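Asker: The following block contains the structure, expressed as structure tokens.
The values are calculated or read from the model by the stated rules, or taken from the named source; none is laboratory data. Keep in mind the model is a prediction, meaning the values are calculated, not measured. No Cβ is skipped: glycine too gets one built from the backbone with ideal geometry, and neighbour counts run over all protein chains shown.
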Amino acid sequence: MKALIADDEDYTREGLIEAVDWEKFGVDEIMQAVNGAEAARIAQWFRPDIVISDIRMPQMDGIAFAERLFQTCPESRIIFISGYMEIEYLKSAIQLAAIDYIEKPVDLLALDRAIARAVEDIRRINQGKAAVEEYYELQQQKLFRLLTEKEVDKRTLGKLFQETGILVKGGCFQCLTAIVRRESESGGGETWRTELIKEMIQDAGFGVVSNYNAEKRQYEFIVSYQEEEQYRLMPLYYKILDRIPELCIGMGVEAQNYHNVHNSYKTANMAINCAFYQADQRLFGIDETIMQKTFINPSIYGEFLQVMSESTLHLEQWCKELFEQLNLRKYYHKEQVYTLLIAFFNALYQKYPYLYDAHPSIRCEEDIAAYMMELGTLGEIRDLFFQIMDFMKEYQQEQSGYSRIVCGVREYITEHYQEESLSVTKIAEELHLSSAYLNVLFKQEMKMTIKQYLSNYRLDKAKRMLEQGYDKITEIAEKCGYANANYFAKVFREVTNMTPMEYRRQNGGDES
């Protein structure tokens with residue numbers, strides 16, 4: 001609380017400051033004034049809770065000051081002190097609802113009791129104001145919920161419009177949804193942003209109600225305006241974004257009346273979903289692409305597990321294509337994408353526990369989802385994924401004991417063994433080396449030529465396919481890079497002393 005002491009006698013002011021135990025009353029700021037005029041000026045900006053004022057002062061007496069005080073600070077509580085107990089002054093004090101009228105020299109016990117009554121009055125007023133504000137806030141939230149529902153009780157809605165008086169019932173409406181990609185250094189939680197955005201919208205002359213959606217960690221607003229004022233909305237939104245640099249805003253479609261606010265709310269949520277995909281933008285509207293109701297195919301996870309069992313290079317390429325496709329399909333709800341990609345990371349870390357050394361923020365299984373949910377865009381998740389991929393390749397290269405060049409040859413063969421035209425020359429060109437040098441280096445480390453390694457790799461792949469029994473022999477030959485089924489059968493027999501069909505029967509493959 002704040003106190004103002006007005007008296008033209010210095011020793012009286014200083015004596016009251018020293019004699020009263022202000023701390024027990026919760027007073028932590030005290031100002032002094034030497035006359036009524038100065039007290040009136042100070043009160044305008046200081047806005048004291050408790051005022052102790054002498055009656056007789058130069059320039060402006062205590063009564064005139066009190067009348068001026070209550071014009072600007074009607075909730076202040078005043079205590080008069082005076083060396084003269086005059087009836088007229090006493091009557092004026094009573095009319096001004098002064099807490100007390102105490103004669104000089106001041107009885108400190110009487111003053112103590114008067115201050116206590118003033119404090120009690122102020123706390124009662126503040127409690128009442130808090131209750132009114134709480135009720136008003138609840139009514140605003142109720143209005144927000146009712147407007148954003150498809151079916152509403154018109155009578156209840158009409159009553160809330162009248163009680164709150166903050167939205168223009170007969171005007172137009174637009175819903176906004178805002179998120180924070182990265183928390184600012186100042187922090188402060190959601191309250192200050194909500195209040196600042198509301199204040200900026202109201203200062204622009206528009207009505208607004210708000211809601212904070214804790215589950216989605218997003219700020220939600222309904223703005224009301226007259227149709228002819230619509231052109232002022234976009235400049236206002238950009239002004240808000242300039243004021244809060246970490247914010248992104250999704251705009252719903254315009255609702256010509258309050259019956260269609262639910263549709264504006266729905267489309268605002270669709271629009272803000274684009275912030276997950278488009279890291280270079282901060283204000284989002286809607287278009288035909290984000291109106292599509294499409295869900296991610298759940299079979300993608302099974303495909304990922306299958307690719308994960310193959311080479312790291314193949315996995316990296318597959319994921320690169322997946323991220324490209326996700327970025328094109330910005331209508332996928334980001335919650336779906338988070339769920340899918342968290343599942344990918346969980347599978348990777350379960351298969352390769354050494355990955356827990358790859359990133360300082362992921363040290364255990366619980367860290368995976370927690371850290372990824374803090375990443376605000378698909379691009380950030382993509383960067384994390386390929387950071388993990390780089391770590392995997394480096395680790396596997398170290399563990400294999402082979403040089404970077406030999407690992408590159410092996411990975412290239414893993415990716416391209418299905419191509420009939422694959423040759424040592426093509427691999428050498430890809431690695432920017434001569435065929436002769438590459439062959440010598442490869443044979444030194446692998447104890448076989450590149451051609452022998454490629455042949456063995458293709459045969460191993462063919463054997464796995466034969467054991468599974470899903471594909472025809474001609475299909476297996478094509479998938480493994482052989483010119484035709486006859487050539488495949490010839491090579492296979494030379495190595496295994498049996499035909500592909502005999503191998504399939506012997507190893508439990510399906511002959512159908």
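Asker: Considering only residues that are aliphatic (A, V, I, L, M) and surrounded by fewer than 14 Cβ atoms within 10 Å (Cβ to Cβ), look in region 320-377 and name the one that is modelled with the lowest pLDDT. Don't jump to the end; show me each part of the working.
Answerer: From region 320-377, those aliphatic (A, V, I, L, M) are 322, 326, 328, 337, 340-343, 347-348, 355, 358, 362, 368-370, 372-373, 375; that's our starting set.
In the following step, the residues that additionally are surrounded by fewer than 14 Cβ atoms within 10 Å (Cβ to Cβ) were identified as 328, 370, 373.
Details: Leu328: 79, Ala370: 93, Met373: 90.
So the residue we want is Leu328.
Asker: Turning to a different aspect of this structure: Where residues in region 238-276 are of a type in the set (Asp, Glu) and closer than 15 Å to Ile179 by Cα, which of them is modelled with the highest pLDDT? Walk me through it before giving the result.
Answerer: Going through region 238-276, the residues of a type in the set (Asp, Glu) turn out to be 242, 246, 254.
If we keep only those that are closer than 15 Å to Ile179 by Cα too, we end up with 242, 246.
Numbers: Asp242: 96, Glu246: 92.
Ranking the candidates gives Asp242 first.
Asker: Taking Asn260 as the residue in question, decide whether it is out of contact with any Asp or Glu (no Cβ under 8 Å at 6 or more places or on another chain) and under 28 Å from Lys154 (Cα atoms). Don't jump to the end; show me each part of the working.
Answerer: Working: out of contact with any Asp or Glu (no Cβ under 8 Å at 6 or more places or on another chain): yes; under 28 Å from Lys154 (Cα atoms): yes.
Yes, satisfied.
Asker: Return the total of residues in region 28-59 being β-branched (Val, Ile, Thr) and crowded, with 24+ Cβ neighbours inside 10 Å. It would help to see each step written out before you state the result.
Answerer: Within region 28-59, the subset β-branched (Val, Ile, Thr) is 30, 34, 42, 50-52, 55.
With crowded, with 24+ Cβ neighbours inside 10 Å added as a condition, the list becomes 50-52, 55.
Matching residues across region 28-59 total 4.
Asker: Is it fair to say Arg458 is surrounded by 15 or more Cβ atoms within 10 Å (Cβ to Cβ) and over 30 Å from Val406 (Cβ atoms)? Break it down into steps so the answer makes sense when it comes.
Answerer: Working: surrounded by 15 or more Cβ atoms within 10 Å (Cβ to Cβ): yes; over 30 Å from Val406 (Cβ atoms): no.
The answer is no for Arg458.
Asker: Please go through region 472-490 and give me each residue that is within 24 Å of Thr414 (Cβ to Cβ) and surrounded by fewer than 16 Cβ atoms within 10 Å (Cβ to Cβ), ordered by number.
Answerer: Lys472, Thr474, Glu475, Lys479, Ala483, Asn484, Tyr487
Asker: Checking the structure you have, find out if any residue of region 16-23 is modelled with pLDDT of 90 or more, under 47 Å from the mean Cα position of the chain (by Cα) and assigned to a helix (DSSP H, G or I).
Answerer: Yes; the residues of region 16-23 include at least one that is modelled with pLDDT of 90 or more, under 47 Å from the mean Cα position of the chain (by Cα) and assigned to a helix (DSSP H, G or I).
Asker: When you check Gly171 against the structure, is it surrounded by fewer than 14 Cβ atoms within 10 Å (Cβ to Cβ) and either assigned by TED's automatic domain parsing to the domain that holds Arg193 or not charged (D, E, K, R) (or both), yes or no? Can you show your working first?
Answerer: On the way: surrounded by fewer than 14 Cβ atoms within 10 Å (Cβ to Cβ): no; either assigned by TED's automatic domain parsing to the domain that holds Arg193 or not charged (D, E, K, R) (or both): yes.
So Gly171 does not fit the description; no.
Asker: Name every residue in region 432-455 that is surrounded by 13 or more Cβ atoms within 10 Å (Cβ to Cβ) and over 30 Å from Arg504 (Cβ atoms), in order of residue number.
Answerer: Answer for region 432-455, where residues must be surrounded by 13 or more Cβ atoms within 10 Å (Cβ to Cβ) and over 30 Å from Arg504 (Cβ atoms): Leu433, Ser435, Leu438, Asn439, Leu441, Phe442, Lys443, Glu445.
Asker: Please tell me if Glu419 is surrounded by 14 or more Cβ atoms within 10 Å (Cβ to Cβ) and closer than 21 Å to His314 by Cα.
Answerer: On the way: surrounded by 14 or more Cβ atoms within 10 Å (Cβ to Cβ): no; closer than 21 Å to His314 by Cα: yes.
Judged against the criteria, Glu419 is not a match.
Asker: Between residues in region 47-61 that are in the same structural domain as Ala97 (by TED's automatic domain parsing) and outside any loop (DSSP other than H, G, I, E, B) and residues that are surrounded by 17 or more Cβ atoms within 10 Å (Cβ to Cβ) and of a type in the set (Asp, Glu), which pairs lie under 7 Å by C-beta distance while being six or more apart or on different chains?
Answerer: Going by the 7 Å Cβ cut-off, the qualifying pairs are Asp54/Asp7.
Asker: Out of Leu422, Leu441, which single residue is at negative phi and in a helix (DSSP H, G or I)? Let's see the steps before the verdict.
Answerer: On the way: Leu422 fails: in a helix (DSSP H, G or I).
Being at negative phi and in a helix (DSSP H, G or I) holds for just one of Leu422, Leu441, which is Leu441.
Asker: For region 114-151, give me each residue that is without any contact (Cβ under 8 Å) to a residue 12 or more places away in the chain and outside any helix (DSSP H, G or I).
Answerer: Step one: list which residues in region 114-151 are without any contact (Cβ under 8 Å) to a residue 12 or more places away in the chain, which gives 120, 123-124, 126-135, 137-138, 151.
Within region 114-151, Glu151 is the sole residue that qualifies.
Asker: Hey, among Tyr482, Tyr457, Tyr487, Tyr402, which residue is of a type in the set (Phe, Trp, Tyr), over 22 Å from Val307 (Cβ atoms), under 54 Å from the mean Cα position of the chain (by Cα) and modelled with pLDDT of 90 or more?
Answerer: Going through Tyr482, Tyr457, Tyr487, Tyr402 in turn, the sole match is Tyr482.
Asker: As an exercise: evaluate Val406 against (1) more than 22 Å from Gln317 (Cβ to Cβ); (2) in a helix (DSSP H, G or I) and give the number of the one condition it does not meet.
Answerer: (1)
Asker: Among Glu195, Glu199, Glu220, which is the only one that is modelled with pLDDT of 90 or more, surrounded by 21 or more Cβ atoms within 10 Å (Cβ to Cβ), on the phi < 0 side of the Ramachandran plot and outside the structural domain of Lys330 (by TED's automatic domain parsing)? Write out each step before concluding.
Answerer: On the way: Glu195 fails: surrounded by 21 or more Cβ atoms within 10 Å (Cβ to Cβ); Glu199 fails: surrounded by 21 or more Cβ atoms within 10 Å (Cβ to Cβ).
Sole residue among the options that is modelled with pLDDT of 90 or more, surrounded by 21 or more Cβ atoms within 10 Å (Cβ to Cβ), on the phi < 0 side of the Ramachandran plot and outside the structural domain of Lys330 (by TED's automatic domain parsing): Glu220.
Asker: Continuing with the same structure: Among the residues of region 278-299 satisfying the criterion of being loosely packed, with under 14 Cβ neighbours inside 10 Å and assigned to a helix (DSSP H, G or I), which is modelled with the highest pLDDT? Break it down into steps so the answer makes sense when it comes.
Answerer: To start, the set of residues in region 278-299 that are loosely packed, with under 14 Cβ neighbours inside 10 Å comprises 280-281, 287-289, 291-295, 297-299.
Filter once more, so that each one left must be assigned to a helix (DSSP H, G or I): 289, 291, 299.
Values: Thr289: 64, Met291: 62, Ser299: 87.
If we take residues in region 278-299 being loosely packed, with under 14 Cβ neighbours inside 10 Å and assigned to a helix (DSSP H, G or I), then Ser299 is modelled with the highest pLDDT.
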